[in-house]
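The values are calculated or read from the model by the stated rules, or taken from the named source; none is laboratory data. Note that the structure is a prediction, hence the values are computed from the model and not measured. When we count neighbours, we look across all protein chains shown, and the Cβ atoms used for this are built from the backbone with ideal geometry, even at glycine.
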Amino acid sequence: MAITAPAGRRSLLEATITVVASSGLRALTYRAVAAEAGVSHGLVRHHFGSRDQLIAEALEFAVAESLRETSFAPDDHPDANSFAAGIESLAERSTDMQAFQYELLLEARRRPELREHVERYYESYRRATAARLEELGVHDEAFVEVVWFALDGLVFKQLVLGVDRAESAEVLTRLRELIDSQRTRAS
């Protein structure tokens, strides 16, 4: 799913994320994105063609960037201690990116046409979680869901209430212990 956008296109995707994060999906217009990016609104239309395409590509970009910023990339030397590294401060480091994603999730309740994008969002994160756990020797699909939902909930709470580093560290330590115990059971 990794998007490598050219600089101009990337700036439009980043502007889209900023607009939605600060004002919600209903405020997303070509003009709003253009104003945020410092370009003409015709350029936004030219690059994306439709608002739905802009939303889809911005979500794909946001997910790819979020996964890149965490430890969910493949690892040559996986261990439970490195699992979810970067999650504890993800909401702090990329507030707009995370807010954009959650705004889209909530808007999908009102706009069924967004459901497909939301399903891809969840599947991308679930696959990344499963891949990391697989590297660690954990093959339990139900456990993958538990871990993914725990991480998702942690980031959402951080986004809404702010990052409490001590609490986040404690939660992630416990999650790593659960992963270690799951690995031990699988052996």
- Item | When residues of segment 6-40 are limited to those that are free of Cβ contacts under 8 Å to residues at least 40 places away in the same chain and touching an Asp or Glu at 6+ places or on another chain (Cβ under 7 Å), the one surrounded by the fewest Cβ atoms within 10 Å (Cβ to Cβ) | A15
- Criterion violated by L178 - all others in (1) in contact with a helix residue (DSSP H, G or I) (Cβ under 7 Å, 6 or more places away or on another chain); (2) surrounded by 14 or more Cβ atoms within 10 Å (Cβ to Cβ); (3) farther than 30 Å from L28 by Cβ satisfied: (1)
- Message: So, in segment 157-175, exactly how many residues are under 20 Å from the mean Cα position of the chain (by Cα) and surrounded by fewer than 16 Cβ atoms within 10 Å (Cβ to Cβ)?
- Response: 6
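Of L43, L59, which residue is surrounded by 15 or more Cβ atoms within 10 Å (Cβ to Cβ) and either closer than 30 Å to E134 by Cα or modelled with pLDDT of 95 or more (or both)? Give the steps one after another, and end with the answer.
Numbers: L43 fails: either closer than 30 Å to E134 by Cα or modelled with pLDDT of 95 or more (or both).
Testing whether each residue is surrounded by 15 or more Cβ atoms within 10 Å (Cβ to Cβ) and either closer than 30 Å to E134 by Cα or modelled with pLDDT of 95 or more (or both) leaves just L59.
If you check V138 against the conditions, is it outside any helix (DSSP H, G or I) and at pLDDT 85 or above? If you could, list the steps in order and put the result at the bottom.
On the way: outside any helix (DSSP H, G or I): yes; at pLDDT 85 or above: yes.
Yes; evaluated as a whole, the condition is true for this residue.
Confirm whether T184 is part of a helix (DSSP H, G or I) and crowded, with 18+ Cβ neighbours inside 10 Å. Explain how you work it out, then say what you get.
Working: part of a helix (DSSP H, G or I): yes; crowded, with 18+ Cβ neighbours inside 10 Å: no.
It is false that T184 is part of a helix (DSSP H, G or I) and crowded, with 18+ Cβ neighbours inside 10 Å.
Yes/no matrix, rows are residues, columns are (1) more than 26 Å from V171 (Cβ to Cβ); (2) crowded, with 18+ Cβ neighbours inside 10 Å; (3) of a type in the set (F, W, Y):
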| site | (1), (2), (3) |
| --- | --- |
| R51 | yes, no, no |
| L54 | yes, yes, no |
| D79 | no, no, no |
| E88 | no, yes, no |
| T95 | no, no, no |
| Q98 | no, yes, no |
| L104 | no, yes, no |
| A108 | yes, yes, no |
| E113 | yes, no, no |
